[in-house]
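Colleague: My questions will all concern the structure given below.
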Amino acid sequence: MFGLIDCNNFYVSCERVFRPDLNGKPVAVLSNNDGYIIAVSNEAKHLGVKRKPVFEFKEEIEKYNITLFSSNYTLYGDMSSRVMSILSQMVQNIEIYSIDEAFLDFEGHNNLETFGKEITHTVTKNTGIPVSLGIASTKTLAKIANKFAKKHKAYHNVCIIDNEEKRIKALQLTPIEDVWGIGRRIAKKLNLYGVTTAYEFTQQSQSWVRKMFTITGERTWKELKGIACIDIEEIPPQRKQICTSRSFGKMLTDYDNISEAIATHASSCANKLRKQKAFANSLMVFIHTNCFREDLPQHCQNIVIDLPVATNDSIEIVHYALQGLKHIFVEGFQYKKCGVIITEISNHSQGNLFDAVDRDKRDTLMQIIDKLNGRGSVIKLASQGNSKEWHLKQEQLSPRYTTNWSDVIEIKCR
DNA sequence: TCTGGGGTCCTAGGACCC
DNA sequence: TCTGGGGTCCTAGGACCC
């Protein structure tokens with residue numbers, strides 16, 4: 001049996017752990033640049049707030065006094081690892097699926113009802129984050145069970161689908177667009193053929209599903225029928241791509257500002273590479289104007305650069321990324337976003353006879369920088385600059401309660 | 001005025017080769 | 001009136017996930 005555990009309204013819950021006064025009150029968390037709502041508390045959901053641009057809910061926010069937070073990924077990342085570490089202690093095999101979700105392998109466990117409740121209870125008690133658990137014979141069904149656990153209080157956070165009757169009932173109550181692997185487009189197409197629930201989807205013939213929705217659709221179809229096709233992946237597969245990009249807090253026209261952003265993104269990619277002990281063979285740099293502004297001239301451009309020697313050296317990666325930027329930057333446009341993508345990754349670096357870089361020395365330098373930097377950022381390259389022109393808008397940022405000494409909360413005893 | 005960021009997988013179609 | 005067939009590799013684009 002598979003379990004899917006999922007933190008309820010994760011970002012909101014993280015904020016509430018340190019702001020218990022907000023329990024029971026409407027809260028929302030914003031995207032980078034505070035432009036978009038990306039997490040909503042149940043109370044705010046009931047007021048009609050959705051994951052959409054903030055300005056669409058200006059009225060509700062004022063009227064109901066909804067508390068907003070800029071996203072604080074340092075805090076969420078740290079809370080996530082606390083949750084995951086508790087889960088790893090309780091279950092042998094776990095696949096961390098996203099910042100707030102994990103699949104659990106229940107092979108060999110009996111009495112899943114009791115064990116499941118013990119898991120959810122322990123996580124919430126030790127971290128303050130409320131969680132829900134769905135259990136079933138496939139990952140896709142466990143996802144569905146999880147939705148029921150979250151939606152209906154009577155389950156007390158744990159829902160198990162462990163017989164045919166429950167499976168069919170659950171599928172009949174699940175709209176097709178809520179199924180893991182069925183997105184907006186495919187749901188719409190299925191609707192056209194009269195398929196609106198997960199159950200109706202499973203009643204179609206396998207060959208039709210295969211023909212219309214390729215092997216991915218067929219896999220979902222099988223999983224819904226209880227045939228497990230997707231296994232727990234304990235060791236995260238090596239990334240095939242590493243990307244860092246951001247929208248700017250405001251539109252930028254100046255090359256120097258954008259080059260500071262590119263240098264910072266490139267350096268962040270290099271960090272991510274070193275963390276997984278991998279090397280870049282090539283990278284892509286891109287810049288965009290704001291495509292929502294139809295009144296302004298648009299310019300979107302990218303360039304791929306092959307690196308002479310596979311590397312994870314920040315200095316080198318930044319150097320090539322900036323070289324790329326020089327090629328694609330055009331004066332006179334108002335840019336809104338840029339980024340660096342490492343497009344080809346390998347596990348080792350093969351030397352090059354004509355290599356002018358002293359790799360051993362650089363390696364040591366990077367190790368020292370990584371050690372000093374730890375979680376925060378102490379050392380950066382000169383090209384990353386100091387101007388804050390391109391930085392995010394984060395007007396409602398909460399303190400880094402768990403990762404910054406000066407932000408740790410004080411408890412006063414009387 | 002304000003519109004996230006970071007990933008994956010699959011397919012179709014073109015280029016090229018024999 | 002006819003213009004092969006099959007294979008590989010690459011890229012762009014579409015779809016999905018959180």
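The values are calculated or read from the model by the stated rules, or taken from the named source; none is laboratory data. Treat the numbers as computed from the prediction; the structure is a model and nothing was measured. Positions of Cβ are backbone-derived with ideal geometry, glycine not excepted, and every protein chain shown enters the neighbour counts.
Results for (1) more than 16 Å from DNA strand C (Cβ to nearest atom); (2) in a helix (DSSP H, G or I); (3) under 26 Å from residue A:186 (Cα atoms); (4) at pLDDT below 95, shown as yes or no for each residue.
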{"position": "A:210", "(1), (2), (3), (4)": "no, yes, yes, yes"}
{"position": "A:220", "(1), (2), (3), (4)": "no, yes, yes, no"}
{"position": "A:237", "(1), (2), (3), (4)": "no, no, no, yes"}
{"position": "A:246", "(1), (2), (3), (4)": "no, no, no, yes"}
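Colleague: If I ask for residues that are within 16 Å of DNA strand C (Cβ to nearest atom) and either among the basic types (Lys, Arg) or in a loop (DSSP other than H, G, I, E, B) (or both), which ones from segment A:285-304 would you list?
Modeller: Passing the criteria: A:291, A:298, A:299.
Colleague: Restricting segment A:94-111 to residues that are outside any loop (DSSP other than H, G, I, E, B) and within 16 Å of DNA strand B (Cβ to nearest atom), which is farthest from residue A:12 (Cα to Cα)?
Modeller: Step by step, filter segment A:94-111, then rank; the result is A:95.
Colleague: Mind listing just one residue for me: the one in segment A:168-194 that is more than 13 Å from DNA strand C (Cβ to nearest atom) and outside any helix (DSSP H, G or I) and, of those, surrounded by the fewest Cβ atoms within 10 Å (Cβ to Cβ)?
Modeller: Residue satisfying both the conditions and the ranking: A:194.
Colleague: Answer yes if at least one residue in segment A:63-77 is away from DNA strand B (no atom under 16 Å from the Cβ), in contact with a Leu (Cβ under 7 Å, 6 or more places away or on another chain), part of a strand (DSSP E or B) and farther than 30 Å from residue A:107 by Cα, and no otherwise.
Modeller: yes
Colleague: Further question on the same structure: Residue A:232 - would you say it is within 16 Å of DNA strand C (Cβ to nearest atom) and either part of a helix (DSSP H, G or I) or not assigned by TED's automatic domain parsing to the domain that holds residue A:93 (or both)?
Modeller: Judged against the criteria, residue A:232 is a match.
Colleague: If we scan segment A:339-349, do we find a residue that is within 16 Å of DNA strand B (Cβ to nearest atom), loosely packed, with under 14 Cβ neighbours inside 10 Å, assigned by TED's automatic domain parsing to the domain that holds residue A:280 and under 21 Å from residue A:239 (Cα atoms)?
Modeller: Checking segment A:339-349: at least one residue is within 16 Å of DNA strand B (Cβ to nearest atom), loosely packed, with under 14 Cβ neighbours inside 10 Å, assigned by TED's automatic domain parsing to the domain that holds residue A:280 and under 21 Å from residue A:239 (Cα atoms).
Colleague: With respect to the numbered conditions (1) within 16 Å of DNA strand C (Cβ to nearest atom); (2) more than 22 Å from residue A:310 (Cα to Cα), which one is the sole condition not fulfilled by residue A:282?
Modeller: Unmet condition: (2).
Colleague: Restrict the check to segment A:49-60 and report whether at least one residue is buried (at least 22 other Cβ atoms within 10 Å of the Cβ) and part of a strand (DSSP E or B).
Modeller: Within segment A:49-60, none of the residues are buried (at least 22 other Cβ atoms within 10 Å of the Cβ) and part of a strand (DSSP E or B).
Colleague: Filter segment A:268-295 for residues that are under 20 Å from the mean Cα position of the chain (by Cα) and of a type outside the set (D, E, K, R); which is modelled with the lowest pLDDT?
Modeller: A:276
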